[in-house]
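One structure below.
The values are calculated or read from the model by the stated rules, or taken from the named source; none is laboratory data. Bear in mind that the values here come from a model prediction, so they are computed numbers and not experimental data. Cβ placement follows ideal geometry from the backbone for every residue including glycine, while neighbour counts extend to all protein chains displayed.
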Amino acid sequence: MRLDTISILNYKNIAEATLEFSPKINCFIGNNGMGKTNMLDAVYYLSFCKSHSNSNDSQNMKHDADFFMLQGRYSSDERVEEISCGMKRRQKKQFKRNKKEYERLSDHIGLLPLVLVSPDDAALISEGSDERRKFVDSVISQYDHVYLNHLLQYNTVLRQRNVLLKAEKIPEDTLLDVLEEQMAQHGAYIYEQRKTFIDEFTPVFRHFYAFISGGKEKISLSYRSQHNDGDIRERMIETRSRDRMLGFSTQGIHKDELEMMLDNYPIKRVGSQGQNKTYLISLKLAQFDFLKRTHSFAPLLLLDDIFDKLDSHRVEKIVELVSDNTFGQIFITDTNREQLVEMLVHLGKETKIFTVDDGTIAPSA
């Protein structure tokens, strides 16, 4: 599936843009703060029904506008998809597929698989375990709607249990029994799918890291879950008093961790900037490979300012890798036009270049 055209009105700092894309490589060149990332975010929005950087939809409108609108035309050998989204200030957004509005936005997730590699990925290493769980959930949810439904329901029940734990009145055991049984049932499915995913994902991740780094370092991923340690329901019951003192639930799949290791040490402690970035890019390329196999076609690949902090060898390896026919349509942002164009010309791949200046996007020679 490829994005043929996009129309943008009043999205962030982009007042208006109508663009036609190359089916292979599309580059957006400009200084920082000009709107390159906003352009990629508009593409991201059409896949995930939300912005990658701002969950408040009203804040994605151009400051002096009362609405925003996005529309994309996608095509493959088998079908054409028209996806559009519009929102007026202080009103609910509308998301449509082929002019028919979705009843549930979650039904759209996975139709247009997409992988974004951006500087924000650094949070996967530097921040807490919730960032790493979000990464795993975002991959699985794009090919397993049952998983997504279990995850949504688990989070709803978890919020309900936490509300009861914070209440002044001690909650009845029978009510907690019901909620904990639901958490255990939804959590069991989520745990099994996460475990299977990590087992299959890790060898692919190692392959990409070795290609980019030249095999210089040893890396690994390890999935740690309380579901490994016996009956989760029994531990929920055992920790009720402690949870009530703390005001939140300490047991369940919302505490799962994905341990990221470099040469047998946590990469958060020992990784250099270049190693961390290679680690993150390899994670995302493995995500791409995994989604391609589960969907039987290549996802869109968005590379936002990924070459900073990487030596020239690793940059060339990444560009060489993603320009291979294994990958589909690619969108790249960068500030260094000469370096990027030189590499792309050397590879001889079909490329379209756009110049981005203060929210204005135009094709460039």
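Identify the residue in region 76-103 that is part of a strand (DSSP E or B) and of a type in the set (S, T, N, Q) and, among all such residues, is surrounded by the most Cβ atoms within 10 Å (Cβ to Cβ).
The selected residue is 84.
Are any residues in region 131-140 surrounded by fewer than 19 Cβ atoms within 10 Å (Cβ to Cβ) and either among the small types (Gly, Ala, Ser) or touching a residue at least 60 places away in the same chain (Cβ under 8 Å) (or both), and if so, which ones?
Correct list: 135, 138.
Every residue in region 99-122 that is among the basic types (Lys, Arg) and on the phi > 0 side of the Ramachandran plot, please.
Across region 99-122, the qualifying residue is only 99.
Is one or more of the residues making up region 16-34 in contact with a helix residue (DSSP H, G or I) (Cβ under 7 Å, 6 or more places away or on another chain), in contact (Cβ under 8 Å) with a residue 12 or more places away in the chain and closer than 21 Å to residue 142 by Cα?
No, the conditions are met nowhere in region 16-34.
Would you mind finding the one in 300, 310, 262 that is under 15 Å from residue 209 (Cα atoms) and either surrounded by fewer than 13 Cβ atoms within 10 Å (Cβ to Cβ) or in contact with a Phe, Trp or Tyr (Cβ under 8 Å, 6 or more places away or on another chain) (or both)?
It is 262.
What's the number of the only condition in (1) in contact (Cβ under 8 Å) with a residue 12 or more places away in the chain; (2) in contact with a helix residue (DSSP H, G or I) (Cβ under 9 Å, 6 or more places away or on another chain); (3) of a type outside the set (Ser, Thr, Tyr) that residue 54 fails to meet?
Every listed condition holds for residue 54 apart from (1).
Which one of these does residue 106 not meet: (1) at pLDDT 90 or above; (2) outside the structural domain of residue 148 (by TED's automatic domain parsing)?
Checking residue 106 against (1) at pLDDT 90 or above; (2) outside the structural domain of residue 148 (by TED's automatic domain parsing), the one that fails is (1).
Looking at region 256-265, can you tell me whether even one residue there is of a type in the set (Ser, Thr, Tyr), in the same structural domain as residue 24 (by TED's automatic domain parsing), more than 20 Å from the chain's Cα centre (by Cα) and more than 30 Å from residue 159 (Cα to Cα)?
No, because not a single residue in region 256-265 is of a type in the set (Ser, Thr, Tyr), in the same structural domain as residue 24 (by TED's automatic domain parsing), more than 20 Å from the chain's Cα centre (by Cα) and more than 30 Å from residue 159 (Cα to Cα).
Can you name every residue in region 143-186 that is outside any helix (DSSP H, G or I), acidic (Asp, Glu) and surrounded by 17 or more Cβ atoms within 10 Å (Cβ to Cβ)?
The answer is 144, and nothing else.
Here is a yes/no grid of residues against (1) in contact with a Ser or Thr (Cβ under 9 Å, 6 or more places away or on another chain); (2) within 24 Å of residue 340 (Cβ to Cβ); (3) in a loop (DSSP other than H, G, I, E, B):
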residue: 28; (1), (2), (3): yes, yes, no
residue: 45; (1), (2), (3): yes, no, no
residue: 69; (1), (2), (3): yes, no, no
residue: 106; (1), (2), (3): yes, no, no
residue: 111; (1), (2), (3): yes, no, yes
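Looking at (1) farther than 23 Å from residue 15 by Cα; (2) more than 24 Å from the chain's Cα centre (by Cα), can you tell me which one residue 64 breaks?
Among (1) farther than 23 Å from residue 15 by Cα; (2) more than 24 Å from the chain's Cα centre (by Cα), the lone unmet condition for residue 64 is (1).
Any residue in region 273-286 that is at pLDDT below 95 and either outside any helix (DSSP H, G or I) or more than 24 Å from residue 320 (Cα to Cα) (or both)?
No.
Taking the stated definitions as given, is residue 268 under 20 Å from residue 212 (Cβ atoms) and either surrounded by 17 or more Cβ atoms within 10 Å (Cβ to Cβ) or of a type in the set (Gly, Ala, Ser) (or both)?
no
Somewhere in region 177-184, is a residue of a type outside the set (Val, Ile, Thr) and under 30 Å from residue 326 (Cβ atoms)?
No - not one qualifying residue is present in region 177-184.
Determine which member of the set 62, 36 is touching a Gly at 6+ places or on another chain (Cβ under 7 Å), of a type outside the set (Val, Ile, Thr), surrounded by 15 or more Cβ atoms within 10 Å (Cβ to Cβ) and under 26 Å from residue 334 (Cβ atoms).
Residue meeting the stated conditions: 36.
Go through 70, 40, 111 for me and flag whichever is within 18 Å of residue 22 (Cα to Cα) and of a type in the set (A, V, I, L, M, F, W, C).
40
Between residues in region 103-117 that are within 15 Å of residue 93 (Cβ to Cβ) and residues that are of a type in the set (Lys, Arg), which pairs lie under 8 Å by C-beta distance while being six or more apart or on different chains?
Going by the 8 Å Cβ cut-off, the qualifying pairs are 108/97.
Do you know which residues across region 1-31 are under 19 Å from residue 305 (Cα atoms) and β-branched (Val, Ile, Thr)?
14, 25, 29
Where in region 325-365 are the strands (runs of 3 or more DSSP E), entirely inside, with at least 3 residues that are surrounded by fewer than 19 Cβ atoms within 10 Å (Cβ to Cβ) and of a type in the set (Lys, Arg)?
The strands (runs of 3 or more DSSP E) meeting that bar number zero.
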